[in-house]
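The structure appears right after this line, and notes come after that.
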Amino acid sequence: MHASTVRSLLVRGMLAGLIAGLLAFAVAYVVGEPPVDGAIAVEEAQAAHEAHAGHGGGAAAAPEAAGEEEEAVSRPVQSTFGLATGVLVYGVALGGIAALAFSFALGRVGRFSPRATAALTAAAAFTTVYLVPFLKYPATPPAVGNPDTIGKRTTLFFLMILLSVLLGLAAVVAGRRLAPRLGNWNATLAAAGGFVVVTAIAFAVLPANDDAVKAGFPAALLWEFRLASLAVQAVLWAVFGIVFGALAQRALTSRTAATDASAPLGAPLAG
């Protein structure tokens, strides 16, 4: 694929990521922020209870001291401008990366149209980058886990992402090599089955995050947050796949038409 074509697809991927990020932000604000506020309220209530139990009669001074501490960024700003900035930057960055992956995959994973290849790329990215790591290390609201192990938990989560992406690439390579002997459909099933088996082994080998959620945290609130997190990612990748597929289809079709139109002009000269 020509460098100018890849550059054009990269720009369109970032634009699609921006559009997907806008819709993902709307979902995050509507369904994601309420459980975050609930988790913060639970954490504050637990902190107040621990302060009262630990200091007895001096507990009245603890809330006042805590109230005097000012946050660097207020909660309203975090839930609006901060959330929007984070989701939009995330969407643009992943949109650009997914566009480069699309440029590599187009024509190499089967005779799919650009729109279908974009949908497959988005589905594969959602599965390997988010869904598989989420199943092993589900998302948790802020201020819920043990702060002393946040570094370890973050490392394990990114290790799971890296492993999932590598296993996904290995499954694609295995499927292509098995296709001549098994056929496309059977090769795809064999590669997908191998991905599931090896991923299950990785789930069993990697340590669990036993201290990711404090004892006594409301289970309903935890699952509400996790489902909201899953919904945000699903919307992000679904919208990206649809928008980028349309943009890529139009760009590549226009470029092919322009190339075909210019070909007859050179034919007499070639003769």
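Check the range 77-90 and report whether any residue there is assigned to a helix (DSSP H, G or I), within 30 Å of A200 (Cβ to Cβ) and at pLDDT 80 or above.
Filtering the range 77-90 down to residues assigned to a helix (DSSP H, G or I) leaves 77-90.
Pick out the ones that are also within 30 Å of A200 (Cβ to Cβ) and you get 90.
Okay, now just the ones that are also at pLDDT 80 or above, so 90.
The answer is yes; a qualifying residue exists.
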Open item on the list: For the structure I just gave you, tell me whether V109 is within 13 Å of the chain's Cα centre (by Cα) and surrounded by 15 or more Cβ atoms within 10 Å (Cβ to Cβ).
Closed with: no
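Among residues belonging to the range 214-271 that are surrounded by 12 or more Cβ atoms within 10 Å (Cβ to Cβ) and outside any helix (DSSP H, G or I), point out the one that is modelled with the highest pLDDT. Before you say what the answer is, go through the steps one by one.
Initially, the range 214-271 is screened for residues surrounded by 12 or more Cβ atoms within 10 Å (Cβ to Cβ), giving 214, 217-218, 221-253, 255.
Among the residues that remain, those that are also outside any helix (DSSP H, G or I) are: 214, 217-218.
Values: K214: 73, F217: 77, P218: 80.
Ranking the candidates gives P218 first.
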Task: Complete set of residues in the range 104-133 that are modelled with pLDDT of 90 or more and more than 20 Å from G17 (Cβ to Cβ) - done: V132
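From the residues in the range 1-32 that are of a type outside the set (A, V, I, L, M, F, W, C) and under 18 Å from the mean Cα position of the chain (by Cα), which one is most open to solvent (accessible area, probe 1.4 Å)?
Of all residues in the range 1-32, those of a type outside the set (A, V, I, L, M, F, W, C) come to 2, 4-5, 7-8, 12-13, 17, 21, 29, 32.
Filter again for under 18 Å from the mean Cα position of the chain (by Cα), leaving 13, 17, 21, 29, 32.
Details: G13: 0, G17: 2, G21: 0, Y29: 107, G32: 11 Å².
Restricting to residues being of a type outside the set (A, V, I, L, M, F, W, C) and under 18 Å from the mean Cα position of the chain (by Cα), the top hit is Y29.
Kindly indicate which of A174, A179 is modelled with pLDDT under 85 and among the hydrophobic types (A, V, I, L, M, F, W, C).
On the way: A174 fails: modelled with pLDDT under 85.
When all the criteria are applied, what remains is A179.
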TODO: Return only the number of the condition from (1) buried (at least 19 other Cβ atoms within 10 Å of the Cβ); (2) closer than 18 Å to L94 by Cβ; (3) not basic (K, R) that A39 does not satisfy.
DONE: (2)
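If only one of R111, R153 is part of a loop (DSSP other than H, G, I, E, B) and either of a type outside the set (A, V, I, L, M) or touching a residue at least 60 places away in the same chain (Cβ under 8 Å) (or both), which one is it? Talk me through it step by step, then tell me what you get.
Details: R153 fails: part of a loop (DSSP other than H, G, I, E, B).
It is R111.
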TODO: Scan (1) within 30 Å of V36 (Cα to Cα); (2) within 15 Å of the chain's Cα centre (by Cα); (3) surrounded by 15 or more Cβ atoms within 10 Å (Cβ to Cβ) for the single condition A123 breaks and write down its number.
DONE: (3)
Task: Count of the range 158-206 residues which are open to solvent by 60 Å² or more (accessible area, probe 1.4 Å) and either small (G, A, S) or in contact (Cβ under 8 Å) with a residue 12 or more places away in the chain (or both) - done: 7
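Would you confirm whether or not the range 132-140 contains a residue that is in a loop (DSSP other than H, G, I, E, B), within 16 Å of L236 (Cβ to Cβ) and touching a helix residue (DSSP H, G or I) at 6+ places or on another chain (Cβ under 6 Å)? First the steps, then the outcome.
First, the residues of the range 132-140 that are in a loop (DSSP other than H, G, I, E, B): 137-140.
So of that shortlist, the ones also within 16 Å of L236 (Cβ to Cβ) come out as 139.
Restricting the remaining residues to those that are touching a helix residue (DSSP H, G or I) at 6+ places or on another chain (Cβ under 6 Å) gives 139.
Within the range 132-140 (the criterion being in a loop (DSSP other than H, G, I, E, B), within 16 Å of L236 (Cβ to Cβ) and touching a helix residue (DSSP H, G or I) at 6+ places or on another chain (Cβ under 6 Å)), the answer is yes, since at least one residue qualifies.
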TODO: Filter the range 71-100 down to residues that are surrounded by 15 or more Cβ atoms within 10 Å (Cβ to Cβ) and of a type in the set (G, A, S), then give me how many there are.
DONE: 7
Task: Residue among G194, G183, G151, G175 that alone is more than 16 Å from the chain's Cα centre (by Cα) and at positive phi - done: G183
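The values are calculated or read from the model by the stated rules, or taken from the named source; none is laboratory data. Bear in mind the structure is a predicted one, so any value in this text is a computation, not a measurement. Counting neighbours? That spans all protein chains shown, and the Cβs are built from the backbone with ideal geometry, glycine included. Note: accessible area is taken over every heavy atom of the protein model, side chains too, but ligands, DNA and RNA are not part of it. Shrake-Rupley method; radii C 1.70, N 1.55, O 1.52, S 1.80 Å.
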